[in-house]
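The values are calculated or read from the model by the stated rules, or taken from the named source; none is laboratory data. Note that the structure is a prediction, hence the values are computed from the model and not measured. Here the Cβ is made from the backbone with ideal geometry for all residues, glycine too, and neighbour counts use every protein chain on show.
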Amino acid sequence: MLMPKPDETVIARRQELADALRDIVPGEGVIDGAEELRAFDCDGLMAYKQLPLIVVLPETTEQVSAVLKYCHKNNVKIVPRGAGTGLSGGAMPLADGITLGLSKFKKILDIDFDNRCVVTQPGVTNLAISQAVEADNFYYAPDPSSQIACSIGGNVAENSGGVHCLKYGLTTNNILGVEMVLMNGDIIRFGGKHLDAGGLDLMGVITGSEGLLGVITEVTVRILRKPETVQALLIGFPTMVDAGNCVADIIAAGIIPGGMELMDKATVHATEDFVHAGYPLDVDGLMIIELDGPSAEVDYLVGRVREIAERNNASTVKTAANEEERVRFWSGRKNAFPAIGRISPDYICVDGTIPRKKLAEVLERMAGISEKHGLRVANVFHAGDGNLHPLILFDANKEGELERAELVCSDILMLCVEVGGVLSGEHGIGVEKRDLMGAMFTEDDLKQQQRVKCAFDPGHLLNPGKVYPELHRCAELGKMHIHHGKLPFPDIPRF
Amino acid sequence: MSDTLKPENAEQLLQAVQWAVAEKQPLEVLAGGSKRAYGRPMQTAATLDLSALYGIKIYEPAELYMTALAGTPMSDIDAALAEAGQQLSFEPPDLGPLLGGAANAGTIGGVVACNLAGPRRIKEGAARDHVLGFHAVSGRGETFKSGGTVVKNVSGFDLSKLLAGSLGTLAVMSEVTLKVLPAPEKIRTLLICWRTDGVYDHGAMTAMSRALGSPHDVSGAAHLPAAVAARSSVDYVSNSGGGVTALRVEGPAPSVEHRAKALTETLKEFGQIEELHTSNSKTFWQEIRDVSAFVGRDDLPIVWHLSVPPASGAKVALSLLEELRGEVIYDWGGGSIWLALAGGDAHADEVRAAVAKTGGHATLIRAPVDVRAETPVFQPRLGPESDVTKNIKIGFDPDGILNPGRMYQGV
Ligand SMILES: Cc1cc2nc3c(=O)[nH]c(=O)nc-3n(C[C@H](O)[C@H](O)[C@H](O)COP(=O)(O)OP(=O)(O)OC[C@H]3O[C@@H](n4cnc5c(N)ncnc54)[C@H](O)[C@@H]3O)c2cc1C
């Protein structure tokens, strides 16, 4: 992975920087011992490792502001880090950069049922928010599979999704306010407990910006009342094509399920061996559909889904008999990654989105890619919204397998783009997909995005080397290219 | 006389903007012109009219998205969606009549550029939440795109959010892709008809908060004080004789039946509950959506829209009505306040001071042009937020070619 060339002069000043940071964040908050730094050498994309120059773990917004102001003045790069579960290398350290971790921002600040929101610090885990309001029958809707570990700040930075985002939206649709510190140390607030921006929607563009625009120090999220009942169906299909058609037919019937997940045969077998969820093993595709709402609605929709499934050749249709069985249906899906981890020494989780109708075509062509490179691919999908997570199985200890796995990954992502999809559905671009951005965007598209970066961080000090393949200097990006248009244009109607 | 450029395709649009850039000729960007009287007034010699860039390019109901050219009339979009049993779930309002113009003159580009949303905002989000992608020409005279046609997408910065609500000050969209969703099978509206004398607005906030905190999936929560309720074209509402709080449930028939019943039970302590069925419900929520009660009100020429924490709605509105003569409509469970005021002054300082107490923002939606010229129409941006806003404008439109000053001076 090619990263921008580290600045040796900054590396040489390491001790001086650490001392200065200790003045801002006293106590244990500054880490510069090689052994302790190792805990931060990668995020969830473990194939790429790099020791950070220094790690700083501030505890207050004022400290974050002072750290950034100092680094801004001293031209030192910053990598923001939440829980480090990101799968695209967004929190991967830089040799000449300071990793700024938000793990000490652990407090939920305000639970407001009247306004149906929670104000929280960014280091709080996604699940902890739901747990804090659970007794009152509320929850926070976006539920990434990593929810016990990942931080809400990281969720905002990645615009994370989960199995329920088909019906309830992604992070961007479920947050109301953000406090953020800019690279120059300025503290800025967007939104609050009210809706919409009233000016440019800066909160909207920050969501999913992968730590390139600022450090998030507080988040206000919308909470929802739990549905009265939740029911899940387990539906097996003889072929993935049948499964794909069933997904399309359910949506076409006007049904938006709470969740609609699909696993292929390899994944079904791996998870069944691991958690014994009771999955049928004689199927090529297994779907979990969750329906929620009042029981009158759920019963009605279960009936309609069952009908549609049967019309699409379903070989098994099982409705959970009770809550325990519903949780068991999900246990396999939720443990799909570790289950694959048991059958393969290493794996890469791909994350592309495709139009739903292309599912069968993409599956077939993916099988071809897998064969071409001689590596197995297991598939899990957020089928409802076309978000694919092919898992590429490989052994990093075998000569050349990592490189081949990377090729499979980029071939699959290029395929997603080719059929009208996108490079990342929810894991972000980071370093992993950075060099593929040109497949989806033109030079002008990318430049326009980077001009937004310049509005927040003109010196490119925040998380450089991530998301964008090429770092254009802001002065360069700002130049106007005048196309000498002449009037009158004969071909534009004028009045 | 003002010069009007009316491109008929994306290539001509690009040329038109490039010409304006080369000539340093600021452009007023419009399509239907239905919201021309919205925002700060501008002095531009040339107009870029997008109304010839129209047509639905791709509509795939099963994929839940539609791509349309920016100048496509909303009436065309609504008709196509209705045919497939779908809708834009954010319920875009038609503010034409409120702003003194014709009904049904809006275009999809205008809806996105203004980031409008109706009563369902509380459940389904605003226009910003439904834009999946776009193609546009920046004030640099360059074509660019962002997003795609799929809902789940974290591939680079989400410029769709930035363009939604930017009032054409950053770039001219040539086409937009929107998420579409199934229209509900059935709609039911519960009305709490307040019988108590005097001010029931606080009670209404409590009732709406109770409903929105219930598991009954309420998709609209509005409150009309007596004077506003009396003006409704729905008899049940206008004849109620007092204030009316309305709560909407939608979805499959059996579910709606069940939830309407359960919600009635939840709310009965607040007063007598009436029900509106699908057709009356549609009329009623359209009135709320389009702020019909304030259309053509020469006695109340000033209209503000306030967005505040929902539980504080009544507090903010009532404190303003103590000082100023006017009327209010509450939507979004109290979080949206439409405030109509008498007289020639917009009273921006009073309005913004009231909002500042709870957090939120206020936008001057309707006012005579001279009032809009001297009043900050959009919530003023301060300190670093103002810096970032200006920097973003410079990134997209450094020479101030596109709708200069329509949102903020210098932006
Ligand atoms: C087993 C597993 C399952 C997963 N399942 C899902 C899933 O279902 N859906 C999904 O969307 N993702 C999933 N992920 C990915 C990951 O959990 C999410 O991207 C998550 O939001 C990352 O949060 P984090 O706190 O770990 O962030 P990190 O990994 O620490 O950081 C992620 C990015 O955000 C930036 N960042 C973090 N905190 C801040 C902050 N406070 N301010 C500014 N920038 C910040 C970082 O610089 C980095 O670019 C999964 C990961 C794993 C390991």
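Some observations on this one:
- Residue-level check: of (1) of a type outside the set (A, V, I, L, M); (2) within 8 Å of the ligand (Cβ to nearest atom); (3) not assigned by TED's automatic domain parsing to the domain that holds A:Gly27, A:Asn115 misses just (2).
- Filtering segment A:256-283 to residues that are among the charged types (D, E, K, R) and either crowded, with 19+ Cβ neighbours inside 10 Å or assigned by TED's automatic domain parsing to the domain that holds A:His389 (or both) leaves A:Glu261, A:Asp264.
- Complete set of residues in segment B:163-186 that are in a loop (DSSP other than H, G, I, E, B) and in contact with a Gly (Cβ under 6 Å, 6 or more places away or on another chain): B:Leu167, B:Ala183, B:Pro184
- Of the residues A:Asn174, A:Asn115, A:Asn159, A:Asn126, the single one that is crowded, with 24+ Cβ neighbours inside 10 Å, at pLDDT 95 or above, within 12 Å of chain B (Cβ to nearest Cβ) and on the phi < 0 side of the Ramachandran plot is A:Asn115.
- Any hit, segment B:199-218, residues being within 18 Å of B:Thr278 (Cα to Cα), free of Cβ contacts under 8 Å to residues at least 24 places away in the same chain and out of contact with any Pro (no Cβ under 7 Å at 6 or more places or on another chain): no
- Meets criteria (within 16 Å of the ligand (Cβ to nearest atom), part of a strand (DSSP E or B) and closer than 30 Å to B:Val154 by Cβ) for A:Val219: yes
- Residue list for segment A:227-239, filter: more than 12 Å from chain B (Cβ to nearest Cβ) and surrounded by fewer than 18 Cβ atoms within 10 Å (Cβ to Cβ): A:Pro238, A:Thr239
- Taking segment B:1-54 and the strands (runs of 3 or more DSSP E) fully enclosed by it, the elements with 1 or more residues that are more than 9 Å from chain A (Cβ to nearest Cβ) are at B:27-30, B:46-49.
- Residue identified as surrounded by fewer than 24 Cβ atoms within 10 Å (Cβ to Cβ), more than 14 Å from chain A (Cβ to nearest Cβ), assigned to a loop (DSSP other than H, G, I, E, B) and modelled with pLDDT of 95 or more among B:Pro97, B:Pro93: B:Pro97
- With respect to the conditions (1) among the small types (Gly, Ala, Ser); (2) within 14 Å of chain A (Cβ to nearest Cβ); (3) not in a helix (DSSP H, G or I), B:Ala354 falls short on a single one, namely (3).
- Enumeration of residues in segment A:21-43 that are in contact (Cβ under 8 Å) with a residue 24 or more places away in the chain, surrounded by 17 or more Cβ atoms within 10 Å (Cβ to Cβ) and more than 30 Å from A:Leu407 (Cβ to Cβ): A:Leu21, A:Ile24, A:Val25, A:Gly29, A:Val30, A:Ile31
- Any hit, segment A:418-426, residues being away from the ligand (no atom under 14 Å from the Cβ), closer than 30 Å to A:Gly341 by Cα and assigned to a helix (DSSP H, G or I): yes
- Flag if A:Gly244 is within 16 Å of the ligand (Cβ to nearest atom) and closer than 24 Å to B:Leu64 by Cβ: no
- Selection of first residues in segment A:69-87 that are within 14 Å of another protein chain (Cβ to nearest Cβ) and more than 30 Å from A:Ile348 (Cβ to Cβ) and of second residues that are hydrophobic (A, V, I, L, M, F, W, C) and within 12 Å of the ligand (Cβ to nearest atom), restricted to Cβ pairs under 8 Å at least 6 apart or on distinct chains, gives the following pairs, ordered by first then second residue: A:His72/A:Met183.
- Set side by side, the residues B:Ser160, B:Ser214, B:Ser155 differ, and just one is buried (at least 24 other Cβ atoms within 10 Å of the Cβ), assigned to a loop (DSSP other than H, G, I, E, B) and facing another protein chain (nearest Cβ under 9 Å), which is B:Ser155.
- Set side by side, the residues A:Cys165, A:Cys150 differ, and just one is at pLDDT below 95, under 18 Å from the mean Cα position of the chain (by Cα) and either among the hydrophobic types (A, V, I, L, M, F, W, C) or within 24 Å of A:Lys226 (Cβ to Cβ) (or both), which is A:Cys165.
Matching residues to (1) within 16 Å of the ligand (Cβ to nearest atom); (2) surrounded by 23 or more Cβ atoms within 10 Å (Cβ to Cβ); (3) under 15 Å from B:Gly165 (Cα atoms); (4) under 23 Å from the mean Cα position of the chain (by Cα):
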{"site": "A:Asn184", "(1), (2), (3), (4)": "yes, no, no, no"}
{"site": "A:Phe190", "(1), (2), (3), (4)": "yes, yes, yes, yes"}
{"site": "A:Lys193", "(1), (2), (3), (4)": "no, yes, no, no"}
{"site": "A:Gly204", "(1), (2), (3), (4)": "yes, yes, yes, yes"}
{"site": "A:Gly208", "(1), (2), (3), (4)": "yes, yes, no, yes"}
{"site": "A:Val215", "(1), (2), (3), (4)": "yes, yes, no, yes"}
{"site": "A:Arg225", "(1), (2), (3), (4)": "no, no, no, no"}
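Each row is one residue, and each column tells you yes or no for (1) more than 23 Å from A:Leu224 (Cα to Cα); (2) in contact with a helix residue (DSSP H, G or I) (Cβ under 8 Å, 6 or more places away or on another chain).
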{"position": "B:Ala222", "(1), (2)": "no, yes"}
{"position": "B:Val228", "(1), (2)": "yes, yes"}
{"position": "B:Ser255", "(1), (2)": "no, yes"}
{"position": "B:Glu269", "(1), (2)": "yes, no"}
{"position": "B:Phe284", "(1), (2)": "yes, yes"}
{"position": "B:His305", "(1), (2)": "yes, no"}
{"position": "B:Val308", "(1), (2)": "no, yes"}
{"position": "B:Ser312", "(1), (2)": "no, yes"}
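- Flag for A:Ala367 being surrounded by fewer than 16 Cβ atoms within 10 Å (Cβ to Cβ), in a helix (DSSP H, G or I) and either within 14 Å of the ligand (Cβ to nearest atom) or aliphatic (A, V, I, L, M) (or both): yes
- Residue check for B:Gly141: at the interface with chain A (Cβ under 9 Å from one of its Cβ atoms), modelled with pLDDT of 95 or more and in a loop (DSSP other than H, G, I, E, B): yes
- Top-ranked residue of segment B:322-351 - restricted to ones that are touching a residue at least 12 places away in the same chain (Cβ under 8 Å), assigned to a helix (DSSP H, G or I) and under 18 Å from B:Tyr200 (Cα atoms), ranked as nearest to the other protein chains (Cβ to nearest Cβ): B:Trp332
- Segments classed as strands (runs of 3 or more DSSP E), wholly inside segment A:240-347, with at least 1 members that are within 14 Å of chain B (Cβ to nearest Cβ) and within 30 Å of A:Ala396 (Cβ to Cβ): A:259-264
- Flag if B:Leu318 is closer than 15 Å to B:His223 by Cα, out of contact with any Gly (no Cβ under 7 Å at 6 or more places or on another chain) and in a helix (DSSP H, G or I): yes
- Here is the figure for segment A:442-495: residues that are at pLDDT below 95, more than 7 Å from every other protein chain (Cβ to nearest Cβ) and touching a strand residue (DSSP E or B) at 6+ places or on another chain (Cβ under 7 Å) total 1.
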